[in-house]
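Student: Got a structure for you, questions after.
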Amino acid sequence: MQRVTGTASRRRFEAFAAAAADTLFRAGYLMTGDASEAEDLVQETFIRVARRWPRVAAMEHPVAYARRILINLALDGAQRRSRHRAELEAPGGQPELADESATRALQGIDDLAEFRWALARLPPRERAVLVLRYWADLPVAEVAAALGCSAGTVKSTASRGAARLAGILARDEGPAGQPAASATTKKGTS
Amino acid sequence: MITDELEQELRSALARSAESTPLPPQARQRLLQRDYHPRRVHRGLAAGLAAAAVAAGAVAATGVTVTLTADRGAPPAAAGAVIQLASHSFRMPAGYKLTAATSPPCHAIAFSPLTDLVRQPHAKGPLYRTPRHMAGMKAAASASGGCIVALLFRPYTPAMSANRAFGGHLVQVGRYHGALFHLRLYVFETSHGHPAGHGARPVRSTLTELFIRLPAGHGMVRDLVIGAEDLSGPALIKIAANGLSS
């Protein structure tokens, strides 16, 4: 009986992993901008979910729970890395744009590589808020719960992150240090 | 305040970026091939069931036992094996049994305090080396693949304070100072405790390690290290604190 139960539980976990792998990988990729790091994050997320599997299996949205683990793992990793190397740019060093300009900057994106590059340059917490709020489409309260902060902090961080993202996109740099064509276009439209 | 239009643009850009980065088939295969050892039941439930089984066994054996048990209060929760290091007895969580540190599943993390087994993926060099302190290392493992290793280093004269020596997240363990580390490790999958063949795939693992500096007399100290692959920091601290106060 116990063996049957264990097998069933394992199968449910495997089904969960198969269904969640793609979503988690995309979240990991958005958070890190690196495929191998994203894969590592997914693997570690699965390990952690497996340890709590009976509880996670009973949840209404196990994938959402796993995504929360992954985002926090990504944040932990970013914190650890930041202890070993200086940030490329000091927080607040990017020019922040007004919402209208930020919208224009985002509208001007025609190169996804440029967007990913800009996203990867955001402070990890701002990136996490944007990913959870606007990609995972979580309500502010759930983002706050996932990141362990207040709803007000989520809103202000999202606003700051969006402005910073647009600011990075509007600069005359591309992913390879080349002038970004779309940035030039954006300048023309502003 | 973010405008609706900006929110829409953000959603669109993030969605396009995510859609353009599907999980590569090989990565999917790697991720799904691994055995993650999902737990079957809650630990608390398992402990409760074990305790209930013990109580039921006692009832079946003799009614006198039931009376005695009732007089003495509730029976203790089921607990795991005891790791003995010097004069300290560390009680493991329920389901953990003593095992050799060189045997699966402990072999992957047993060497981590010495970093000999664990290494970065694709690094060259031998998989296994002989660790200096292996003889003194004790380990306990659970059926679900969890492992706890404990090691007491030889006494030495400290060259610096525990805070500086350990780094990590400083914690209080009973009346002792300690430090917690959460490590990500690359271990190589092995079969039956033997090194995997050339080109073995490194698997990422996580390890929580607790270092505690204990006085050893004459100005010397000795470090206690307890590491676990599937226990939280607070759980390790509890095990260590109980053992050190025993």
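Just so you know, all these numbers are worked out from the coordinates, no wet-lab data involved. Bear in mind that the values here come from a model prediction, so they are computed numbers and not experimental data. Glycine gets a Cβ as well: all are built from the backbone with ideal geometry, and neighbour counts include every protein chain shown.
Student: Please give, to one decimal in nm, the separation of the simple spin-label points placed at A:Cys149 and A:Glu37, each 7 Å out from Cα toward the Cβ.
Tutor: That separation, rounded to one decimal, is 1.8 nm.
Student: Continuing with the same structure: Using a Förster radius of 30 Å, what is the FRET efficiency between B:Asp35 and A:Leu112 based on their Cβ-Cβ separation? Nearest 0.05, please.
Tutor: So, using R0 = 30 Å, E works out to roughly 0.25.
Student: Tell me, what is the FRET efficiency for B:Gln172 and B:Ala86 to the nearest 0.05, using R0 = 25 angstrom and their Cβ-Cβ distance as r?
Tutor: Calculated value: 0.75.
Student: May I pose another question? Using 1/(1 + (r/R0)^6) with R0 = 35 angstrom and r between the beta carbons of A:Met59 and B:Asn242, what's the FRET efficiency to the nearest 0.05?
Tutor: Efficiency, rounded to the nearest 0.05: 0.65.
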